[in-house]
Amino acid sequence: MRKILLHSCCADCSWKFIESIKNYSEATEIDLFYYNPNIHPRAEYQSRLKAIQKVAVELKIKLIIPDWKPGDYFKVVKSGKRPIRCINCWNFRIKKTAEYAKDNGYKLFSTTLLSSEYQDKKKVSEIGNIWAKKLGLEFLEVKEIKKELKTSGFYKQFFCGCVYSLEERFEEKYK
């Protein structure tokens, strides 16, 4: 049996990703890694955390919650401009996930960013594969995400999570 460490950005994406890999025979045990220092404000981070805790309990999945340190995010993501900020953010979180996987005996890792409508899946996969190669791991790419799933009963967000994307959503709404 192989375990997979799955970086989790939110409950909705996690649920869809987990349902999409159920038939992946190599990974029979999934541990969620909720590493998201990019999420702002703190109330947003807490709302997403409570939702992912609910999913973990319901699916009987281990949930790993590193400290929330937004200062680390801002050190890495120095520009609010897209796509640079997004690439730096993905790289930062995927690297941390891969390092945790390596340090804790996982051979396989992935990210729910692949199931998010807000992310560039091709670039996310590229970054995941780079870190997998550097650390001697395998990055699980899921080509088909079950987007038709009705994921309800928990908090759902309307932006990717960072303060920059929140500002962009409000600008779109009020322009």
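No lab work stands behind these numbers, since they all come straight from the coordinates. The structure displayed is predicted, hence computed values, not measured ones. Cβ placement follows ideal geometry from the backbone for every residue including glycine, while neighbour counts extend to all protein chains displayed.
Straight-line cross-link reach from K143 at under 17 Å between alpha-carbon atoms covers these aspartates and glutamates, not counting any fewer than eight positions away in the same chain: E19, E26, E117, D120, E126.
Dipole magnitude for the stretch 2-174: computed about the Cα centre from +1 point charges on Lys and Arg Cβ and -1 point charges on Asp and Glu Cβ, it is near 180 debye. Stretching the chain fully between K50 and N129 yields a gain of 25.5 nm (0.36 nm per residue, less the alpha carbon separation).
Using the 2.2 N^0.38 Å rule of thumb for compact globular proteins, work out how the stretch 1-96 stacks up: its C-alpha Rg over that value, please. Working shown, then result.
Values: Rg = 14.2 Å, N = 96, 2.2 N^0.38 = 12.5 Å.
Ratio of Cα Rg to 2.2 N^0.38 Å: 1.14.
If you run the Gaussian network model on the chain, springs between alpha carbon atoms under 10 Å, then out of K134, K96, K50 the most flexible one is K134. Hey, what D do you get for the stretch 2-174 in µm²/s if you plug the Kirkwood alpha-carbon radius into Stokes-Einstein at 4 °C and 1.567 mPa s? D = 80 µm²/s.
Per-residue Cβ neighbour counts within 10 Å put V124, V163, V57, V76 in the sequence V57, V76, V163, V124, beginning with the fewest.
Could you tell me the relative contact order of the chain? Use alpha-carbon pairs under 8 Å, at least six residues apart, and round to a whole percent. Kindly include the intermediate steps, with their values, before the conclusion.
Working: 256 pairs, mean separation 54.7, N = 175.
Computed over the chain, the figure is 31 percent.
Determine the calculated [θ] at 222 nm for the chain from helices alone, applying -39500 (n - 2.57) to every DSSP H run no shorter than 4 residues and normalising by the residue count; nearest 500 deg cm²/dmol. When only DSSP H runs of four or more count, the value is -15000 deg cm²/dmol.
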